[in-house]
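S.K.: What follows is a single structure, and I will ask about it in a moment.
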Amino acid sequence: MLWKFRPVIKGSPQSSAPIHGRGASWSPANGFEKLHVDLSDVDVDPAEAEERPRRATQYFRDGSKTIITRNNSPDVGFETSVNPYRGCEHGCIYCYARPTHEYLGFSAGLDFESKIMVKMNAPELLREELESPHWRPQVIVMSGVTDPYQPVEKQLRITRCCLEVLAQFRNPVAIITKNRLVTRDVDLLQELANFDAAAVNISITSLDPKLQRVLEPRTSSPEARLDAVKQLRAAGVPVGVMMAPIIPGLTDHEAPKILEACAKAGAQFAGYTIVRLPWAVAPLFEHWLEEHFPDRKEKVLGRIRNLRGNGRLNNSEWHTRMTGEGIFAEQIASLFEVGRRRAGIGARPHLSTAAFRRPREQLSLW
């Protein structure tokens, strides 16, 4: 039996045209909710319907009591992460994290990128957890789910405050972001890098700014991301590139050029993942292709199904979910590896916990 997203209530796309500045143009029914308002229904208040194309971003306080998230997935590459935000205004249409918004009663579509949960007390929570004698020093990834440098970070500075805590404890951190704003915090990253305790992964999916603007509407441009690589390398902060995700039939052919451009900018390591379309992300992505690339839709979806096996658009099995399987997966892996070697990009750095300290314990010695 083929896997297919089946919400409790069926929902059809509520927009026939893209919304400027947004990745999704509709909100599919929440897979956990029995009630869903279809804004395309003729009985919906006309005034509310007129507001659809101009949905403003809303921010809500998140009441989480802990900040360090743990996972035991064998193919993720890290155990602990910190996510200052839930939901992401970047609006990347392919984002595998979109369904996590359904746990909050929101939609994986427009809600995910326009209703952002903000963990204002994240730095205080992080300090408490690092001070605990139960904390075993290890690499913390920021963020692992949503981008720690999404637009509102410029004003709220929650990620920066978390980095200040990590620098005080000298706990190693690996950052994943699509935003040049990470260069604002180069002073803290330098401080950690002096103890082999920092690395930054700049995510670059395409060098085509036109594609980037509709694929990842509120992210930094490809040029800005390359500039971030250049600035971080100049500052002595280990920096690499993540081609995440590679979309077969749409961005896979760019792999060698991306690696070459990143190497010239100073990237020292690189990695990639294949597009993942869990749950509601699949229909959102299909509708996005229809809006922006109708001529390529069947080709892209066909290759994704081939990568996932048995005609599915997603396969959540460990070890294959990140890279896919079959001939197209092998081609992408080969293209990436050849491009990486030609660009002279090496292995990821090993981050160290040797310098970890608890500041209050240090003060008590005096």
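The values are calculated or read from the model by the stated rules, or taken from the named source; none is laboratory data. Note that the coordinates shown come from a computational prediction; the quantities given were computed from them, not determined experimentally. Positions of Cβ are generated from backbone atoms using ideal geometry, with glycine treated the same way; all protein chains shown enter the neighbour counts. Ligands, DNA and RNA are stripped out before the accessible areas are found, and what is left, the full protein with its side chains, is counted by its heavy atoms. Shrake-Rupley method; radii C 1.70, N 1.55, O 1.52, S 1.80 Å.
S.K.: Please give the FRET efficiency for LYS299 paired with ASP208, using the beta carbon to beta carbon distance and R0 = 22 Å, rounded to the nearest 0.05.
M.R.: Using R0 = 22 Å, I get an efficiency of 0.80.
S.K.: Classify region 248-366: rounded, prolate or oblate, from the alpha-carbon gyration tensor (a ≥ b ≥ c, eigenvalue square roots; a/c under 1.5 rounded; otherwise prolate if a/b is larger than b/c)?
M.R.: prolate
S.K.: Next question, about the same structure. Working from the alpha-carbon coordinates of the chain, get Rg over Rh, Rh being the Kirkwood radius.
M.R.: Radius of gyration relative to Kirkwood radius: 0.97.
S.K.: Something else now. Evaluate the Debye formula for region 101-163 with equal point scatterers sitting on the alpha carbons, no solvent, and hand back log10 of I(q)/I(0) at q = 0.16, 0.26, 0.29 Å⁻¹, in q order, two decimals.
M.R.: After summing over all Cα pairs, the log10 values are -0.66, -1.18, -1.28.
S.K.: Further, regarding this structure: Using a 1.4 angstrom probe on the protein heavy atoms only, could you order ASP227, ASP147 from most to least accessible area?
M.R.: The residues order as ASP227, ASP147, largest area first.
S.K.: Same structure again: Take the chain, connect every pair of alpha-carbon atoms lying under 10 Å apart with a spring to form a Gaussian network, then pick out the residue of ARG218, ARG170, ARG70 with the largest mean-square fluctuation.
M.R.: ARG70
S.K.: Which residue fluctuates most in the GNM of the chain (Cα springs below 10 Å): GLN138, GLN155, GLN212?
M.R.: In this elastic network of the chain, the residue with the biggest mean-square fluctuation among GLN138, GLN155, GLN212 is GLN155.
S.K.: Under the definition of Cα pairs under 8 Å and six or more residues apart, what whole-number percent is the relative contact order of region 55-95?
M.R.: Rounded, it is 31 percent for region 55-95.
S.K.: Sorted from largest down, what three extents in whole angstroms do the Cα atoms of region 259-317 have along their principal axes?
M.R.: 38, 30, 19
S.K.: To the nearest 10 square angstrom, what accessible area does GLU325 show with a 1.4 Å probe?
M.R.: Accessible area, nearest 10 Å²: 80 Å².
S.K.: Using a 1.4 angstrom probe with every protein chain in place, what is the largest-first accessible-area order of THR146, THR66, THR57?
M.R.: THR66, THR57, THR146
S.K.: Next question. Provide the per-residue ³J(HN,Hα) series for region 355-360, in order, calculated from phi with Karplus coefficients 6.51, -1.76, 1.60 and θ = phi - 60°, each as a whole number of Hz, with x at glycine and proline positions.
M.R.: 8, 4, 8, 10, x, 5
S.K.: Does region 52-127 classify as rounded, prolate or oblate by the C-alpha gyration tensor (a ≥ b ≥ c root eigenvalues; a/c under 1.5 gives rounded; else a/b over b/c gives prolate, otherwise oblate)?
M.R.: Oblate is the answer for region 52-127, as a/c is 1.5 or above yet b/c matches or exceeds a/b.
S.K.: Shifting gears a bit: When the chain is treated as a GNM, springs tying every alpha-carbon pair under 10 Å, which of ARG61, ARG180, ARG276 comes out with the largest mean-square fluctuation?
M.R.: Taking springs between Cα atoms under 10 Å, the residue moving most is ARG61.
S.K.: Amide H to amide H under 5 Å from ILE274: which residues, 5+ apart in sequence or cross-chain, H placed 1.01 Å off N in plane?
M.R.: The list, which skips near neighbours in sequence, is ILE246, THR323.
S.K.: Still on this structure: At 222 nm, what value in deg cm²/dmol follows for the chain if DSSP H runs of at least 4 each add -39500 (n - 2.57) and the sum is divided by all its residues, to the nearest 500?
M.R.: -9500 deg cm²/dmol
S.K.: Per residue, how much accessible surface does the chain expose to a 1.4 Å probe? Answer in Å², no decimals.
M.R.: 47
S.K.: Let me ask something additional. Normalised by the empirical 2.2 N^0.38 Å for globular proteins, what value does the Cα Rg of region 118-253 take?
M.R.: 1.09
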